[in-house]
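Have a look at the structure below, then the notes.
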Amino acid sequence: MRENAEFTYGAMSDTGMTYRLQTYGRIIAITRQALINDDKRLFSRVPQQFGFKAKDLESDLVWGIIVSNPTMADGFALFSNQHGNLGAGAAINVTSVAAGRQAMATQKSAEGGFITVRPAFLVVGPAKQTEAEQFLTAVAAAQPSNVNPFAGKLQLIVEPRITDNSWYLVADPSAIDTIELSHLEGQEGVFIETQAGFDVDGIKTKARLDVGAATIDFRGFYRNPGN
């Protein structure tokens, strides 16, 4: 700004991705006879089990997006050469992870400016867990060329919904938008209500969850198909 000069107007841009909440729910009915003979206190665990299932559903939504590689608003797949976040199939090693880090570091903002994107998580499926653990283990190297610069710098996430050899680098979501998981305001958790039967002795328990997930930005992700 020059002295006494006016500020110029700017604009905010986004990736154009939209989504909406969906309502999910189940009802569990337990008869009076089942309650009387509930020596293992299964009925008291129904709300807890609903909570577990709700968490599983949220994970299904988030990881389903990553695994399915959906098309973004710009017409390209989440992981694609056009987005610069898809590598050539390789094992998890210094060379391949360094290529992923470089790809993330050279991403540009929607306006074309420089941004800072660093991988914080290494995400693998069960097939690559041992390989990833070996890669991230710090080992004293006799030569500088054998040093693993990523040891202790990436947090490992093992996700069973990844059933192939692919592995991912993901940035810290607090640093850049990645995937957003949203709930109905005021009902961020699963809503549970109980109704006693009249025509038929028993109790019905209903669980409802309003939730939605979507990829906000591709720049915080990198995928390697593995080998």
I need the Kirkwood Rh of segment 118-227: take the reciprocal of the average 1/r across all distinct C-alpha pairs and report it in angstrom.
17.7 Å
Springs between alpha-carbon atoms under 10 Å, Gaussian network over the chain: tell me which of 59, 96, 44 tops the mean-square fluctuations.
44
Return the ratio Rg/(2.2 N^0.38 Å) for segment 163-204, where Rg is computed over Cα atoms only.
2.28
How high is the FRET efficiency between residue 33 and residue 192 when r is their beta carbon distance and R₀ equals 30 Å, given to the nearest 0.05?
0.85
Based on the alpha-carbon set only, what is the convex hull volume of the chain divided per residue, in Å³?
210 Å³
FRET efficiency for residue 105 and residue 181 from the Cβ-Cβ distance with R0 = 45 Å, rounded to 0.05, comes out at 0.95
Is there a pair in 53/108; 55/153; 108/128; 108/153; 55/204 whose C-alpha atoms are over 32 Å apart, and which pairs would that be?
53/108
Points 7 angstrom from Cα along the Cβ direction at residue 115 and residue 164: gap in nanometres?
2.6 nm
Report the local net charge at residue 206: Lys and Arg +1, Asp and Glu -1, summed over other residues whose C-beta lies under 10 Å from its C-beta.
+2
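Take the chain, mark every one of the trypsin sites (Lys or Arg not before Pro) that falls in a DSSP loop and has at most 15 other Cβ within 10 Å, then report the longest stretch left between them, sites excluded.
Here the longest segment lacking exposed loop sites spans 42-152.
Read-outs throughout are calculated quantities, based only on the coordinates presented, and are distinct from any laboratory measurement. From a predicted model like this one, the values you see are computed outputs, not experimental measurements. Positions of Cβ are backbone-derived with ideal geometry, glycine not excepted, and every protein chain shown enters the neighbour counts.
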